[in-house]
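Comments concern the structure below.
The values are calculated or read from the model by the stated rules, or taken from the named source; none is laboratory data. Predicted model, so just to flag it, every value in this text is computed and none were measured. Cβ coordinates were reconstructed from backbone atoms using ideal geometry, including for glycine residues, and neighbour counts include every protein chain displayed.
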Amino acid sequence: MTIVVSVQCSEGIVLAADSAVAVIDNSEHETHGTSVWNHAKKLSHVGEYNIGTLSFGLGQIGQRNIQSLMYEFEVDKKCGCSGNTPVKVSKVAQELYKFLRVHYNAQYDNSKNRPPLGMIIAGYSKGSFEPEQYRFLIPHTASPVKIDFPNKVGIFFDGLPDAIYRLLNGIDYSLALALSEIDLNASQLDQLAQALNNMSRGPSTESIDEFVRICNGGPDLVTKLISWMNLMRFDAIRPGMPLQDGIDLAVWLIESTIGRYRFAHAYPFAGGPIDIAVITHAQYTWIQRKSWHGYEKRPI
């Protein structure tokens, strides 16, 4: 289990991830339950390029964890950037997708259980001042999909998103369950889905007048629902936000998710040290990165 966050500011991109990884053993012969480790590496630097990746979902393929596969991807120069070819974020995303898909299919092609493996690839193509981010989710996406932000700034998060959804949007996946109790026709469902995907990122309109308008204005169900969500949500990032504030924002969102799974869930599916990196057009910089260390005897 995972929470990963990408914050794209005017100055650059902040990538951050927790360190918890869970293995749930539901084998036919024996059930060992759930194991959670707090030292998984989900944030990776691709070679010497101004490109980083965040992994979420599946923590390992067969006997190898995702960080091990990232090492191989770099060493075998499978990123399509060798020689005199200028590095492009889109090319790295495509090559990483193909590389991981081969390993994934070898393990899960004949399996009924096909757990998803997701990646976010973010950074700057050589010679470009334009940040780029891509996402794929094996086996559900056929290729990497570009992440576009209004005004070139925004927040993207994946893995265990419910806590962040509640913080930023006033909603989470439980809204979908609530909607299932309401009799909406196909046209209304399509309208709602499109509205959720295209909600504006302007300032929230938290005012008494807006509150009264929603309650008494008599709009149809879908319009009222969208109005409530726009009223509840707020923007945590706007153009001009300094990069340091982007770092603080990413850490806050991950810490909120860690707290949610520490205090309000049976298993701490998010946790451990937080890894943080900053990418600008000029360089990739580790801000905070866990490292191996020796045994530390704890007091009795």
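Things worth noting here:
- Subset tally (residues that are surrounded by 15 or more Cβ atoms within 10 Å (Cβ to Cβ) and either β-branched (Val, Ile, Thr) or in contact with a Pro (Cβ under 6 Å, 6 or more places away or on another chain) (or both)) for region 239-280: 11
- With respect to being within 25 Å of Pro242 (Cβ to Cβ) and either touching a residue at least 12 places away in the same chain (Cβ under 8 Å) or of a type in the set (Lys, Arg) (or both), Phe156 fits the description.
- Just one of the listed residues (Thr34, Thr53) is of a type outside the set (Gly, Ala, Ser) and modelled with pLDDT under 85, and it is Thr34.
- Residue match in region 275-288 (condition: at pLDDT 95 or above and acidic (Asp, Glu)): yes
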